[in-house]
Amino acid sequence: MVVGVLAALPVCAQYDAAFANYWALQSYFNPASSGLDGQLNVQGAFSMQMVGFDQAPQTMLATADLPLFFLSPRHGAGVGFMNDKIGLFSNKKMYLQYAFHQPLWGGRLSVGARVGFLNATFDGSKLDVRDPSDPAFASSQVDGMALDVDFGLRYTYKQLWYAGLSSMHLTAPTVKLGDDKVNEMKVNRLYYLTGGYNIRFRNPEFVLYTTGILRTDFQAWRGDITARMAYNGEKFRIYAGLSYSPTVSAGVLVGTNFHGVQIGYAYEAYTGGIGVLHGTHEIVIGYQTDLNLFKKGKNLHKSVRLL
């Protein structure tokens, strides 16, 4: 049943996967975040959605970004790969991105751009239709590729707050499937508004991180708000938090950061009536290390990825 529903859905704001750990994957949602914190950042995420249903959506994401110190700390670059399986559809994206960071008003204004390719595959051999000869439905596996361009802006004020605006699929690409190009997939422009604010306490080792993300193609929308209480000790860091997406889901998050290795887990329970146990399991794993070989002494930099 899930396969038939997903095959009939139009490609709209739900084309790009939503991650509960969006706050840890900032360079994916906004290319302006590339190389922002002066470190090499390698991130991986895997999401299993609608657990318990046949051929339910699964998404894998891998990203890496770093500052280009041989040019200037103001330059950053990154690469990424995304593989999203939804029923009979499989969508892949590979990209390169660049960002420029300019000090401004006590913080930093960042501008970023991304160029990549979308590869879409539809396995029509598994589609059950009344009339197999209907040209509207592919009867075999077909695929296609299209150029994709993204753009982003972000302002970061010290270790206190940030705000970002980005757009994916600026060219609104159309992926034509198969050799005869009869079937096609239209991808709408998608806009993201992100932000975060850190609430600090008398004990500097405890911080409450509040973040939010809103995405829309002006036809549909999804918003998420997240609050994480973190203990940032000298030897290790841990956090636990809650997330909420109006009309979509509510979730919990836990994770740790030990010697630059970040491991996090999130579970989203959908509020639409499909059951608490049929939610989304998500794991994120990352690694951060200082790359500024010209910096003397210990690394005194605090990563803005904690925002």
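The values are calculated or read from the model by the stated rules, or taken from the named source; none is laboratory data. All values reported here derive from a predicted model rather than from experimental measurement. We place every Cβ from the backbone using ideal geometry, glycine too, and count neighbours over all the protein chains shown.
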- Would you confirm whether any residue within segment 57-74 is in contact (Cβ under 8 Å) with a residue 40 or more places away in the chain, at positive phi and either crowded, with 17+ Cβ neighbours inside 10 Å or touching a helix residue (DSSP H, G or I) at 6+ places or on another chain (Cβ under 7 Å) (or both)? no
- Message: Quick check on my filter: what residues within segment 228-239 are at pLDDT 90 or above and in contact with a Phe, Trp or Tyr (Cβ under 7 Å, 6 or more places away or on another chain)?
- Response: ARG228, MET229, ALA230, TYR231, ARG237, ILE238
- Task: Report, by residue number, each residue of segment 194-213 that is exposed (fewer than 15 other Cβ atoms within 10 Å of the Cβ) and part of a strand (DSSP E or B).
- Result: ILE199, ARG200, PHE206
- Message: Of all residues being free of Cβ contacts under 8 Å to residues at least 40 places away in the same chain and among the acidic types (Asp, Glu) in segment 150-197, which is nearest to PHE117 (Cα to Cα)? Just the residue, please.
- Response: ASP179
- Task: Hey, could you check segment 215-271 for residues that are assigned to a strand (DSSP E or B) and among the acidic types (Asp, Glu) and say which is farthest from GLY164 (Cα to Cα)?
- Result: GLU268
- Query: Here is a list of conditions, (1) in contact (Cβ under 8 Å) with a residue 12 or more places away in the chain; (2) over 21 Å from LEU61 (Cβ atoms), and GLY264 meets all of them except one; can you say which number that is?
  - Reply: (2)
- Could you figure out which of (1) surrounded by 18 or more Cβ atoms within 10 Å (Cβ to Cβ); (2) modelled with pLDDT of 60 or more isn't true of HIS278? (1)
- Note on the structure: The one condition GLU184 fails out of (1) surrounded by 15 or more Cβ atoms within 10 Å (Cβ to Cβ); (2) part of a strand (DSSP E or B); (3) modelled with pLDDT under 95 is (1)
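Return yes or no: is THR156 in a strand (DSSP E or B), at pLDDT 70 or above, touching a Lys or Arg at 6+ places or on another chain (Cβ under 6 Å) and surrounded by 16 or more Cβ atoms within 10 Å (Cβ to Cβ)? Full working, then the answer.
On the way: in a strand (DSSP E or B): yes; at pLDDT 70 or above: yes; touching a Lys or Arg at 6+ places or on another chain (Cβ under 6 Å): yes; surrounded by 16 or more Cβ atoms within 10 Å (Cβ to Cβ): yes.
So THR156 fits the description; yes.
Look through GLY106, GLY144 and report the one residue that is surrounded by 15 or more Cβ atoms within 10 Å (Cβ to Cβ), out of contact with any Pro (no Cβ under 7 Å at 6 or more places or on another chain) and modelled with pLDDT of 80 or more. Please lay out each step first, then the result.
Details: GLY106 fails: surrounded by 15 or more Cβ atoms within 10 Å (Cβ to Cβ).
Step by step, each of GLY106, GLY144 is checked, and only GLY144 is surrounded by 15 or more Cβ atoms within 10 Å (Cβ to Cβ), out of contact with any Pro (no Cβ under 7 Å at 6 or more places or on another chain) and modelled with pLDDT of 80 or more.
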- Query: Among all residue pairs at least 6 apart or on different chains, which show Cβ distances below 9 Å where the first residue, located in segment 209-222, is over 15 Å from MET168 (Cα atoms) and the second is of a type in the set (Asp, Glu) and modelled with pLDDT of 95 or more?
  - Reply: THR211/ASP224; GLY212/ASP224
